[in-house]
Amino acid sequence: RPPHAVDKKRLLRSDFFPGLGWMLTRSLWEEFGERGWAPNGYWDDWLREPDIRKGRQVIRPEVSRTFHFGAEGGVSGNIFGRYHNNIILNNLDVDWGREDIAYLRREDYDARYLAQVEGATLLDVSEAVRRAQSRAGGATERYRIEYRSQREFTSIARKLGIMGDEKAGVPRTAYGGVVEARVLAGDGTTTTLVYVAPPTEELLRNFAPDG
């Protein structure tokens, strides 16, 4: 949702199964089918369980290709309505066959993404928001905010206007424990990218080749 979704061609890796819209390979479909497909009825949460996910990741677009329109009648009771109701839908026709998406290969993606997160200026959430809103760091500045517990993450997420929940220990949209947000500047048009990330030592473990 605005201002967090901006780049309509950007794809990211994620440890969090999105739930609202997805594709998978035939082999995965058959694997999950052999296990009985969500015996508790909540198939999205079932797919997020560690013994089902098995460390696998998904590829997600920054700008959503799906929209949650079920304000009434859903099993969640629309508890996330204030987020779902403002989802930005992609309106750009992207010919993915012509796009170079080799950067998504894990061995390349992880090293580059870790460098981007580590290279971001470390601030607390209040200072990050203040500087982003005033564009104090300039057009290319990126910020990193550390969290050390789920409770702390939820507090930071609330201040950034993103969802602060987790499923099976993974924050929503996280990759290696990192969740992205964007803060809108006072001009109402430009945004600053913010990484909400675990402390450096945990971050390095999460992105270790055998992590």
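From 174, 168, which residue is at positive phi and either open to solvent by 50 Å² or more (accessible area, probe 1.4 Å) or in contact (Cβ under 8 Å) with a residue 40 or more places away in the chain (or both)?
168
Return the residues of the stretch 24-57 that are open to solvent by less than 40 Å² (accessible area, probe 1.4 Å), under 14 Å from residue 168 (Cβ atoms) and either of a type in the set (Val, Ile, Thr) or assigned to a helix (DSSP H, G or I) (or both); say none if nothing qualifies.
Once the filter is applied, which keeps residues that are open to solvent by less than 40 Å² (accessible area, probe 1.4 Å), under 14 Å from residue 168 (Cβ atoms) and either of a type in the set (Val, Ile, Thr) or assigned to a helix (DSSP H, G or I) (or both), the stretch 24-57 yields 46, 47, 48, 52.
Hey, could you check the stretch 125-153 for residues that are in contact with a Gly (Cβ under 9 Å, 6 or more places away or on another chain) and outside any loop (DSSP other than H, G, I, E, B) and say which is farthest from residue 3 (Cα to Cα)?
Result: 150.
So residue 93 passes all but one of these: (1) modelled with pLDDT under 95; (2) among the acidic types (Asp, Glu); (3) surrounded by 11 or more Cβ atoms within 10 Å (Cβ to Cβ). Which condition number does it fail?
(3)
Do the conditions hold for residue 108, that is, is it at pLDDT 90 or above, in a loop (DSSP other than H, G, I, E, B) and either open to solvent by 60 Å² or more (accessible area, probe 1.4 Å) or more than 18 Å from residue 193 (Cα to Cα) (or both)?
Against the criterion (at pLDDT 90 or above, in a loop (DSSP other than H, G, I, E, B) and either open to solvent by 60 Å² or more (accessible area, probe 1.4 Å) or more than 18 Å from residue 193 (Cα to Cα) (or both)), residue 108 does not qualify.
Condition first: more than 30 Å from residue 209 (Cα to Cα), open to solvent by 60 Å² or more (accessible area, probe 1.4 Å) and at pLDDT below 90. Can you find one or more residues in the stretch 115-130 that meet it?
no
With respect to residue 156, is the statement that it is open to solvent by less than 60 Å² (accessible area, probe 1.4 Å) and either modelled with pLDDT under 95 or in a loop (DSSP other than H, G, I, E, B) (or both) true?
No.
The values are calculated or read from the model by the stated rules, or taken from the named source; none is laboratory data. Here the structure is a predicted model, which is why all the values come from computation and not from measurement. Glycine gets a Cβ as well: all are built from the backbone with ideal geometry, and neighbour counts include every protein chain shown. Each accessible area value is taken on the protein alone, full model and side chains, heavy atoms only, with ligands, DNA and RNA left out. Shrake-Rupley method; radii C 1.70, N 1.55, O 1.52, S 1.80 Å.
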